Amino acid sequence: LALCGLRNAAPVAARLEAHCWRSWVLGRHEEPPWGTWPAASLVYLSADAEATLDRIEAGDVLVIGGVVDHANVASRVGLARGVAEAHAVRTARLPLDGIVSVRKTSLTCLAVLQILANFAESGDWAAAVREAPALHCAPMRKYVVWH
C-alpha cells in the first residue's frame, strides 16, 4: 500500500495528520503513480472504466482513484478515469455486476481496499464483495442493493 503524488497533495496530507498518518506502515512517494511505477504495470480503478478487473496479475499496481471522485460532485465524477487516460494508464472497474448495485458513482477507498484484500485471499470476487464490511455499514449500506 502506498500514497503517491504527495508533492502536490498538501491539503490531503494536512487532513491525514489528524490520523497520525506518518506512523502508518505504507510507502510514500512524492511523484504520482505514473512517475513511480512503469505505466504498463498500472491499473487505475475507476467506476467509469469500460474494462472490468477480472483478475490481478503479479506485478500489477492498482491505483485507487476514489479520493478525487469523492462526494459525487458532478464536476469530479470520472476525474480518475480522465487522469489515467491522460497518462496512458489502463483503467478497470471492480466486477460488481450481478453481485451488488451501488446507487452512488464511486465506492469509498475503504470499501475498495476491503474488496481487493478479500479477493487476494479468496480469489472469488462475489465472496470478496459480500464480505467487505464497509458495504454493510453506514454510510455505504444505504447505497447498496444486493443481488
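I'd like the full set of residues that are open to solvent by less than 60 Å² (accessible area, probe 1.4 Å), touching a helix residue (DSSP H, G or I) at 6+ places or on another chain (Cβ under 8 Å) and among the aliphatic types (A, V, I, L, M), limited to the stretch 105-116.
Across the stretch 105-116, the qualifying residues are Leu107, Ala111, Ile115, Leu116.
Count, please, the residues in the stretch 95-110 that happen to be farther than 18 Å from Glu50 by Cα and at pLDDT 90 or above.
So the count comes out to 0.
For the stretch 1-23, how many residues meet the condition of being on the phi > 0 side of the Ramachandran plot, within 18 Å of the chain's Cα centre (by Cα) and free of Cβ contacts under 8 Å to residues at least 12 places away in the same chain?
The number of residues fulfilling the criteria is 0.
Could you look through the stretch 3-28, keep only residues that are open to solvent by 40 Å² or more (accessible area, probe 1.4 Å) and touching a strand residue (DSSP E or B) at 6+ places or on another chain (Cβ under 6 Å), and pick out the one that is nearest to Pro95 (Cα to Cα)?
Filtering the stretch 3-28 for residues that are open to solvent by 40 Å² or more (accessible area, probe 1.4 Å) and touching a strand residue (DSSP E or B) at 6+ places or on another chain (Cβ under 6 Å), the one nearest to Pro95 (Cα to Cα) comes out as Leu3.
Can you tell me which condition Arg15 does not meet? The list is (1) at pLDDT below 90; (2) not in a helix (DSSP H, G or I), and all the others hold.
The one condition Arg15 does not meet is (2).
Hey, can you tell me all the residues within the stretch 104-124 that are more than 15 Å from the chain's Cα centre (by Cα) and part of a helix (DSSP H, G or I)?
Glu121, Ser122
Against the conditions (1) modelled with pLDDT of 90 or more; (2) within 26 Å of Glu31 (Cβ to Cβ); (3) surrounded by fewer than 17 Cβ atoms within 10 Å (Cβ to Cβ); (4) among the β-branched types (Val, Ile, Thr), where does Val67 fall short? Just the number, please.
(1)
Looking only at the stretch 29-47, count how many residues are touching a strand residue (DSSP E or B) at 6+ places or on another chain (Cβ under 6 Å) and more than 11 Å from Leu6 (Cα to Cα).
Result for the stretch 29-47: 8.
Of all the residues that make up the stretch 128-137, how many are open to solvent by 10 Å² or more (accessible area, probe 1.4 Å) and closer than 17 Å to Asp97 by Cα?
Total satisfying the criteria: 2.
Counting only residues that are outside any loop (DSSP other than H, G, I, E, B) and under 16 Å from the mean Cα position of the chain (by Cα), which one in the stretch 29-56 is surrounded by the fewest Cβ atoms within 10 Å (Cβ to Cβ)?
That would be Thr52.
The values are calculated or read from the model by the stated rules, or taken from the named source; none is laboratory data. Please read all numbers here as calculations on a predicted model, not as lab measurements. All Cβ positions, glycine included, derive from the backbone under ideal geometry; neighbour counts span all protein chains shown. Accessible surface is based on the protein model in full, side chains and every heavy atom, while ligands, DNA and RNA are left aside. Shrake-Rupley method; radii C 1.70, N 1.55, O 1.52, S 1.80 Å.
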